[in-house]
Structures are given as C-alpha cells and as structure tokens.
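The values are calculated or read from the model by the stated rules, or taken from the named source; none is laboratory data. If you're wondering where the values come from, they're calculated on a predicted model, not measured in any experiment. Cβ atoms come from the backbone with ideal geometry, glycine included; neighbour counts cover every protein chain shown.
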Amino acid sequence: MAKKLRQDASVVDGYGYLTNIAFDSVVFGFSGASLKILLMEYHNTGLFALPGGFVKLNEDLNAAVKRGLKERTGIDTIYLEQCYVFGDKARHQPAVMNTILKANGWAVPKEHWLLDRFISIAYYALVNYNDVTLVPDALSDSCTWYDITKLPPLILDHRLIVAKAQQTLQANLDSKIVGGNLLPKQFTMKELQQVYEAILGENIRRTTFQRKMLGLGILKRHQKKYSGKAHKAPYMYSFKKNKTAFSKQGG
C-alpha cells in the first residue's frame with residue numbers, strides 16, 4: 001500500500017485497473033502558425049510527459065483513451081487513431097515514476113504496481129486548438145501546448161512516441177486531415193495549406209497545392225471571405241460530409 005505524505009496528493013492505487021498496460025496520447029493542434037502538441041509537467045520535478053493513463057478492468061481501451069483526453073481537453077468528439085505499441089525493456093525506468101510519486105507526496109514500496117514494467121499503446125488525436133480547455137491531472141502542475149519543433153526533454157520514450165505519431169499522421173495525410181479537427185468548419189485554401197506545411201515540415205508551392213486539393217474532390221467551395229478588399233477576398237472551403245465518415249473512430 002502506498003503511504004501518503006502530502007494531504008493534497010492524489011494517485012491511483014491500482015484497484016480496478018489493468019496492470020502493466022498504459023496508453024499515451026499525442027494530441028495535435030494547429031495554432032494558425034504552427035503544429036503543437038499537449039504536454040504535462042509533473043509537479044515539482046521539471047519532468048515533461050505526454051498525457052496518458054491506465055485502462056479500467058471494465059473499460060474498452062479506446063474508451064479509456066477518450067476518457068483521458070476528455071479529462072485533459074474537455075472535448076468529447078476527437079479524431080483518434082492508434083499508431084504503435086511501445087514495449088521495449090529499456091522503457092522500464094521505475095526511478096522516474098518513483099520521483100514523480102515522491103514529488104506528489106507518495107512513498108511507495110518497490111513492488112508497487114506503478115513501478116512495474118508497462119507496455120504503452122500510443123495514439124494520436126487531432127483537435128481544434130481553440131476549442132480545448134486544458135486541465136492538468138492530479139500529478140501535474142500544467143497541461144500546455146508546445147510547438148512540435150521546440151519540445152522540452154520528455155520522460156522515457158515519449159519523444160519516440162511523438163515522432164511515430166507525426167510519421168503516422170504524415171502518411172496518407174489527405175485522408176487524415178479530412179477526418180480531423182485541426183481546422184474550423186470553414187477555412188481558406190491558405191489556412192489548409194498552412195496545416196499541411198506544419199505537419200509535413202516543408203513549404204509547398206501554392207499553385208501546386210491548390211491544384212492537388214481541388215483534384216482530390218474532398219472540398220466544398222463556399223462564398224468568399226470579405227475583409228474590406230473584395231478583389232482579394234479568398235473563397236471559403238469545407239470538407240465534404242461524405243468524406244468524413246471515419247472521422248470519429250478510435251484506433
């Protein structure tokens with residue numbers, strides 16, 4: 001049994017949860033200028049990690065991940081996809097978790113379940129940056145957006161998880177972006193191109209991008225967005241509804 005040292009500390013005892021199985025989520029959001037992900041900073045440690053959690057005995061895996069993301073973002077409907085399973089022996093570093101627990105006022109025995117080896121199932125999620133209400137978990141001081149090109153050092157193999165999630169998102173990006181929530185319901189071609197460039201990490205020629213996107217047949221064109229200069233007003237676009245049937249599925 002864990003011994004509580006600080007009155008306001010909180011940690012899962014393990015009752016009612018699967019042991020040795022965890023999940024970690026790479027939550028992507030687009031700020032209008034750059035691609036960002038959510039990171040947690042553990043209380044009084046200077047350690048950063050992806051938002052994650054554990055699966056209850058009576059809970060489906062996808063449901064557990066959605067529950068965890070709703071607790072961190074306040075969003076019910078999230079594009080979610082499973083991208084990899086991380087199970088290398090090297091990821092078992094009980095000293096890291098022990099440091100986090102002690103910083104939150106918990107002294108645990110060596111055989112405590114949180115210090116055991118965990119296999120983590122990685123997901124990535126696409127959310128609208130402006131719709132998120134960030135809430136840290138019980139062991140963290142903050143839950144904050146970080147530019148994907150300027151991440152702090154992360155615990156365990158979480159940097160590898162980020163890389164794998166970004167690689168998976170980049171593959172077949174045309175279909176992923178339709179189902180995701182990185183953009184508002186209506187957007188300009190320039191805004192869509194900015195999202196592509198942020199995810200791919202490279203610049204794209206405007207005329208080439210526009211020709212490609214219109215050729216895919218996934219966009220519906222709307223009226224122009226007027227801002228005082230009618231001759232320069234861009235058309236607004238949205239994704240066709242029949243192209244988003246897969247958008248709310250888990251991995």
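Could you please find all residues in region 179-216 being assigned to a strand (DSSP E or B) and either closer than 15 Å to residue 128 by Cα or not polar (S, T, N, Q) (or both)? Give the steps one after another, and end with the answer.
First, the residues of region 179-216 that are assigned to a strand (DSSP E or B): 187-188.
The one that is assigned to a strand (DSSP E or B) and either closer than 15 Å to residue 128 by Cα or not polar (S, T, N, Q) (or both): 187.
Is it the case that residue 133 is of a type in the set (Val, Ile, Thr), in contact with a helix residue (DSSP H, G or I) (Cβ under 9 Å, 6 or more places away or on another chain) and within 29 Å of residue 177 (Cα to Cα)?
Considered against the rule, which asks whether it is of a type in the set (Val, Ile, Thr), in contact with a helix residue (DSSP H, G or I) (Cβ under 9 Å, 6 or more places away or on another chain) and within 29 Å of residue 177 (Cα to Cα), residue 133 comes out as yes.
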Please identify the pairs in which a residue from region 183-202 that is assigned by TED's automatic domain parsing to the domain that holds residue 218 and within 18 Å of residue 148 (Cα to Cα) has its Cβ atom under 9 Å from the Cβ atom of a residue that is polar (S, T, N, Q) and part of a helix (DSSP H, G or I), counting only partners at least 6 apart or on another chain.
-> 193/210; 199/166; 199/170; 200/170; 201/166; 201/170
Boolean, residue 15 is surrounded by 20 or more Cβ atoms within 10 Å (Cβ to Cβ), modelled with pLDDT under 90 and over 21 Å from residue 142 (Cβ atoms) = no
Counting only residues that are surrounded by 10 or more Cβ atoms within 10 Å (Cβ to Cβ), outside any helix (DSSP H, G or I) and either at pLDDT below 65 or aliphatic (A, V, I, L, M) (or both), region 217-251 contains a total of 13
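Rundown of residues vs (1) assigned to a helix (DSSP H, G or I); (2) of a type outside the set (S, T, N, Q), yes/no style:
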site: 97; (1), (2): yes, yes
site: 101; (1), (2): yes, yes
site: 114; (1), (2): yes, yes
site: 120; (1), (2): no, no
site: 125; (1), (2): no, yes
site: 130; (1), (2): yes, no
Considering only residues of region 161-176 that are of a type in the set (A, V, I, L, M, F, W, C) and assigned to a helix (DSSP H, G or I), which is modelled with the lowest pLDDT?
-> 173
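I'm checking my understanding of the structure. Among residues of region 24-36 that are hydrophobic (A, V, I, L, M, F, W, C) and farther than 21 Å from residue 63 by Cα, which one is surrounded by the fewest Cβ atoms within 10 Å (Cβ to Cβ)? Outline the logic, then answer.
First, the residues of region 24-36 that are hydrophobic (A, V, I, L, M, F, W, C): 26-28, 30, 33, 35.
Imposing the further condition that a residue be farther than 21 Å from residue 63 by Cα reduces the set to 30, 33, 35.
Details: 30: 22, 33: 9, 35: 22.
Here the answer is 33.
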Could you tell me which of the residues 41, 81 is of a type in the set (D, E, K, R), in contact with a Ser or Thr (Cβ under 9 Å, 6 or more places away or on another chain), in contact (Cβ under 8 Å) with a residue 12 or more places away in the chain and within 19 Å of residue 128 (Cα to Cα)?
-> 81
Subset of region 40-83 (residues that are modelled with pLDDT of 90 or more, of a type in the set (Ser, Thr, Tyr) and assigned to a loop (DSSP other than H, G, I, E, B)) | 45
